[in-house]
Amino acid sequence: MKKYVFMASVAMLFIVSCKKDVNDTSDESELVPLSVEFDNIVGGQNLFLNTVTYTNGAGEDFNVSMFQYFISNISLRRADGTEYVVNQDSSYFLIRESDAATRFARVKVPEGDYRQLSFILGVDSLRSTMDITKRTGVLDPSGGMEDGMYWGWNSGYIFVKFEGISPSAPVDPSGQRKFRYHIGGFGGYSAPTINNIKKITIDLSASGIARPRKGRNANIHLMVDLLKIFNNSNNLSIATNPTVMFSDFSTNIANNYTAMFYHDHTEN
Amino acid sequence: MSKRFWLFSVGFIILVSCSKDIVDQFEGFRKPSHFPEPSYALNNNPITKEGFELGRKLFYEPRLSRNNTISCGSCHIQSSAFTQHGHDVSHGIDDRLGKRNSPPIMNLAWSPSFMWDGGVFDLDLQPIAPITAHEEMDESVANVLQKLKAHPDYPKLFKKAFGSEEITTARMMKALSQFMILCVSANAKYDRVKQGKEIFTADEQAGYTVFQQKCSNCHAEPLLTDFSFRNNGIAIGTNNDEGRYLVTLNPADKYKFKVPSLRNLSYTAPYMHDGRFYTLDAVIDHYRSRVQNTPNLDPSLQPGQGIAISDDEKTKLIAFLKTLDDKDFITNRLLSEQ
């Protein structure tokens with residue numbers, strides 16, 4: 001029984017948070033395209049996998065072999081405060097640095113002038129516990145251990161996977177100096193545990209509001225600075241924490257990475 | 001809950017009445033009369049003969065592993081009540097050893113969580129863990145799907161089970177669940193006694209009384225587990241497996257493991273999450289005199305003292321435990337590799 005109560009409260013939270021758009025009577029056929037572009041960078045530099053060495057706030061050199069994350073539950077707010085929530089079934093994206101095509105989250109929204117963008121970095125708890133038939137596309141838990149974004153032994157999605165090589169990391173059994181950050185945790189199914197689901201809200205008014213219109217493709221261009229994973233409210237050192245997966249410490253990284261995103265410009 | 005079951009029964013009646021001639025003796029899922037309602041969402045996965053048969057074939061399919069050598073059935077062997085008899089911890093691909101003992105595939109329709117630590121909350125998600133585990137099958141589900149698509153038989157079998165040749169993660173998992181859900185063990189002497197068809201011997205009856213006084217607060221009837229997570233006082237293992245804590249990160253869950261069922265113990269040795277005890281004798285001696293005061297020891301067990309059980313009670317208790325052996329379950333042809 002306890003489980004149901006717990007699940008029900010999780011569901012309630014979602015119902016409450018989704019309620020906002022009930023006054024939105026947009027007709028599905030009237031929707032126009034809008035994309036959100038996730039442009040991964042490292043401080044002032046573009047991100048290149050494997051080849052380039054970067055330095056984090058602790059002064060540790062590193063390069064990046066993998067950087068990928070889930071973006072979901074996109075919503076947009078108009079100047080008058082009304083919000084449009086993208087149909088949830090079409091609102092899951094896996095942004096992978098290794099595949100340039102995945103840098104765009106493409107959704108459909110009513111024409112309008114939008115001043116604020118929100119999304120979840122990760123996969124919401126409701127979807128994380130849905131029947132397997134509802135887990136298609138990027139949510140299909142069929143990936144392997146290497147580039148998969150799913151924990152089989154502790155049912156749940158990995159929200160952010162960030163791996164690389166650093167001279168500050170200890171030698172692992174494969175002889176490499178690898179660091180691995182696999183961050184997830186949707187709050188637990190039958191017993192509560194860490195919740196690293198992060199809602200990100202970005203104001204677009206300073207760098208260009210989005211004006212999606214029929215026959216055009218508005219694009220909100222975001223920068224995603226992975227240096228923030230190391231340095232924001234918590235300082236992270238590769239030497240001290242070369243591997244962070246499902247653990248209490250992971251919440252520090254999750255609190256850091258909420259600051260990765262900033263709005264660069266909008267192409268309307 | 002009861003509505004769900006009611007819906008299921010209606011579905012089942014329709015299923016039976018629509019396909020009387022095809023279904024033959026395939027009975028689908030039947031809740032034993034003395035069992036509670038199952039927790040598996042049967043209405044999300046209606047069990048059919050074709051789905052079950054596909055699931056069975058997948059369960060015994062070595063293509064689910066990287067080098068096509070290990071099947072689910074390699075570690076979950078029917079004659080050992082679907083455990084890996086004789087192995088303390090599981091023995092997988094390239095002779096790699098896991099860290100835990102293979103539990104039985106048995107009465108899983110009633111299990112609200114899976115694995116010794118309850119890390120998996122839906123049976124449909126369970127196979128992903130062994131398929132991807134480095135020391136088990138070391139494969140990706142995506143690769144398995146490729147192998148099945150390229151196979152001469154599987155597309156047809158998926159069509160029979162699900163209406164089209166499409167092979168998806170969800171379909172594969174649902175089929176495996178259909179097989180596992182039908183691995184029901186409910187025909188031990190104990191069950192026949194419960195159903196009024198047989199009676200215990202005097203020793204068994206005395207052992208049953210001991211059991212009810214000393215064991216059933218955790219190993220609750222009729223499934224012989226209450227599915228809770230507890231520390232039963234076995235010493236912390238050499239690999240310091242922290243059990244349920246790994247899933248909840250709650251310090252109060254350290255060293256707690258899921259209470260296992262006590263059905264079919266004659267076929268499932270060795271015992272405990274790491275297979276440390278080879279005999280029931282050793283298990284009962286643990287409870288009698290070796291309970292360790294490790295963090296989060298269950299309050300019903302007294303450290304050092306444990307549970308008072310005399311030698312005579314022990315003999316009778318073991319006699320009772322033997323009435324939980326279900327020969328039909330380990331020999332049922334329907335559940336064997338065909």
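The values are calculated or read from the model by the stated rules, or taken from the named source; none is laboratory data. Here the structure is a predicted model, which is why all the values come from computation and not from measurement. Cβ sites come from the backbone with ideal geometry, for glycine too, and all protein chains shown count toward neighbours. Quick note on the areas: whole protein, heavy atoms, side chains included, nothing else; ligands and nucleic acids left out. Shrake-Rupley method; radii C 1.70, N 1.55, O 1.52, S 1.80 Å.
How far, in degrees from 0 to 90, does helix B:49-59 lean away from the longest principal axis of the Cα atoms of chain B, to the nearest 10? Roughly 60 degrees, rounded to the nearest 10.
Positive-end ranking of B:233, B:306, B:257 along the dipole of chain B, with charges on Cβ about the Cα centre, is headed by B:257.
For segment B:142-235, which GluC sites (Glu not before Pro) pass both filters: DSSP loop (anything but H, G, I, E, B) and at most 13 other C-beta atoms within 10 Å?
B:165, B:166, B:198
When only the Cβ of Lys, Arg, Asp and Glu is charged (+1, +1, -1, -1), the dipole of segment B:28-185 relative to its Cα centre reaches about 500 debye. Computed about its Cα centre, the charge dipole of chain B is approximately 620 debye, with only Lys, Arg, Asp and Glu carrying charge at their Cβ. Modelled this way, with points 7 Å down the Cα-to-C-beta line, the labels at residue B:41 and residue B:85 are 3.7 nm from one another.
For segment A:32-48, the Karplus equation 6.51 cos²θ - 1.76 cosθ + 1.60, evaluated at θ = phi - 60°, returns couplings of 10, x, 9, 10, 10, 9, 10, 9, 6, 9, 10, x, x, 10, 5, 8, 10 Hz by residue, with Gly and Pro reported as x. Apolar share of the accessible surface for segment B:28-185: 50 percent from carbon plus sulfur atoms, 1.4 Å probe.
Relative to the longest principal axis of the Cα atoms of chain B, helix B:202-214 runs at roughly 90 degrees.
What percentage of all Cα-Cα pairs in the protein assembly as shown are separated by more than 48 Å? Spell out each step's value before the answer.
Details: 36112 of 183315 pairs.
Percent of Cα pairs beyond 48 Å in the protein assembly as shown: 20.
Once the 1.4 Å probe is applied to the protein heavy atoms, segment B:189-327 comes out at 44 Å² accessible per residue. The apolar share of the surface of chain A, taken as the fraction of accessible area on carbon and sulfur atoms (1.4 Å probe, ligands and nucleic acids excluded), comes to 53 percent.
Which GluC sites (Glu not before Pro) from segment B:239-338 combine a DSSP loop assignment with at most 13 other Cβ atoms within 10 Å?
Sites meeting the loop and neighbour criteria: B:337.
Farthest towards the positive end of the charge dipole of segment A:180-240, among the residues A:206, A:234, A:194, is the Cα of A:206, using unit charges on the Cβ of Lys, Arg, Asp and Glu.
Each of B:205, B:332, A:119 was scored by the projection of its Cα onto the charge dipole of the protein assembly as shown, and the greatest displacement toward the positive side belongs to B:205; charges sit on the C-beta of Lys, Arg, Asp and Glu. Quick one: buried accessible area between B and A, total over both chains, 1.4 angstrom probe, nearest 100 Å²? The contact between A and B buries close to 2200 Å².
Eigen-decomposition of the gyration tensor built on the alpha-carbon atoms of chain A gives equivalent ellipsoid semi-axes of 31, 24, 16 angstrom, largest listed first.
Taking only C-alpha pairs under 8 Å that are 6+ residues apart, what is the relative contact order of chain B in percent? Value for chain B: 20 percent. Compared with the alpha-carbon gap, the fully stretched path from residue A:133 to residue A:243 is longer by 36.4 nm at 0.36 nm per residue. The alpha-carbon of residue A:214 sits under 23 angstrom from the alpha-carbons of these lysines, leaving out residues fewer than 8 places away in its chain: A:108.
Do any of B:31/B:197; B:57/B:159; B:57/B:156; A:161/B:174; B:49/B:159 go past 19 Å between their Cα atoms, and which? All intermediate terms of the calculation are to be shown ahead of the outcome.
Working: B:31/B:197 17 Å; B:57/B:159 14 Å; B:57/B:156 13 Å; A:161/B:174 28 Å; B:49/B:159 13 Å.
The answer is A:161/B:174.
Among the trypsin sites (Lys or Arg not before Pro) in segment B:99-159, those placed in a DSSP loop whose Cβ has at most 15 other Cβ atoms within 10 Å are B:99.
Computed about the Cα centre, the dipole magnitude for the protein assembly as shown is approximately 860 debye when only Lys and Arg (+1) and Asp and Glu (-1) carry charge, each at its Cβ.
For the protein assembly as shown, what is the calculated [θ] at 222 nm in deg cm²/dmol (nearest 500), taking -39500 (n - 2.57) for each run of four or more DSSP H residues and dividing by its residue count? Counting only the DSSP helices, I get -7000 deg cm²/dmol. Please give the Cα centre distance for segment B:250-303 versus segment A:191-268, rounded to the nearest Å. Measuring centre to centre over Cα atoms gives 45 Å. In segment B:232-267, comparing the full protein assembly with the chain on its own, the residues that lose 40 Å² or more of accessible surface at a 1.4 Å probe are B:247, B:248, B:249. With R₀ fixed at 60 Å, the C-beta to C-beta distance from residue B:94 to residue A:80 puts the FRET efficiency at about 0.45.
Need the per-residue list for segment A:110-157: every residue with at least 50 Å² less accessible surface in the complex of protein chains than in the chain by itself, probe 1.4 Å, sorted by number. Relative to the lone chain, where solvent access is computed with a 1.4 Å probe, segment A:110-157 loses at least 50 Å² at A:131, A:132, A:142, A:145, A:152, A:153, A:155.
With axes computed from alpha carbons, what is the tilt in degrees of helix A:2-19 against the longest principal axis of chain A, rounded to the nearest 10 within 0 to 90? Helix A:2-19 sits roughly 60 degrees off the main axis of chain A.
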